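The values are calculated or read from the model by the stated rules, or taken from the named source; none is laboratory data. Values in this document were obtained by computation on a predicted structure and should not be read as measured data. Backbone-built Cβ (ideal geometry, glycine too); neighbour counts: all protein chains shown. Accessible surface areas use protein heavy atoms only, side chains included; no ligands, DNA or RNA. Shrake-Rupley method; radii C 1.70, N 1.55, O 1.52, S 1.80 Å.
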Amino acid sequence: MKHFLFFAVAAIGLSLGNQSVQARSWRIHSNANVKPDFTSINAAMSNIDVRPGDTLYLEPGCTLSKQQIKKRVTVIGPGYNFSGAGSSTAVLSGQISLMADGIKVEGCIIDNLNTVYHNCVVERCKIGSANCACDCSLFSILSCYVTGNIYLYKGRNNTISNCIIRGSLGETSFSTISNNIIMAGSKETILRNVTNSTITNNIILNTNPDYQYDANENPYFYKNNTIANNTLDSGNTITNNVLSTDAKHAFNDYPNNKFIGATPEDIFVMEGIGEEIYRLK
């Protein structure tokens, strides 16, 4: 009887222990009148009941500023629309910092994304700009609409895929940049300081209308500037991309790509708002 009682008590203890560590979901809204679990991500992070593995749901109409995500959680918003903020979106304004390994954020409007940790994922978000402060790795930006620049300073093994990026992308190595539309009217190179990486199946267009030449008539600014590190020394594999660089000024690597000298009007319908104009003809 004593042995049976011991095992019964132990089984109950294990059951309660398992329940206590199960992932939980929390409602976040900046308006306390809707009775959320927390009125900010920061408040959730400071609560001991919110643990790694939990999910934070940002409800429509939630607007938060300068949030710091300090635990390995998933943050899910309701998505975004092209008209900007509104009652159907969740907006994270100011700098939003990912401060733990393994964070995932999706379905939000983010002004300025910053991460210093590893293995984080941002998916299906509208982002103003994204920066990796130092040596981040395994950082993924997937299916996002980015209106500014992405700089992954000294980043390694990162993935940028299926995004529309209206600015420059750079400062990463041993990474995968694939299936994106990357387009800006820049005087600087759109992809720069990208080394030992796979750059494939992208549409990379510099819409600046001008060229600038050095003494040998080699163009080094403006429309031809799509990919900076194009030599074998930089270790990139650059294949199957559509590029705005024209045939006359194309770099040696570019014959492995599909379309040289492309313009936005050659590729897209250029009708509608937001992402709509980037539908392929």
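Ranked from the most accessible area to the least, with a 1.4 Å probe and all protein chains present, what is the order of His29, His118?
His118, His29
The Cβ shell under 10 Å around Phe268 holds other residues with a net charge of -2, Lys and Arg each +1, Asp and Glu each -1. Taking a sphere under 14 Å around the Cβ of Ile110 and counting the other residues whose Cβ falls inside, with K and R at +1 and D and E at -1, yields a net charge of +1.
According to the square roots a ≥ b ≥ c of the eigenvalues of the Cα gyration tensor, what is the shape class of segment 24-183, taking rounded for a/c under 1.5, prolate for a/b larger than b/c otherwise, and oblate for the remainder? Since a/c reaches 1.5 but b/c is at least a/b, the shape of segment 24-183 is classed as oblate.
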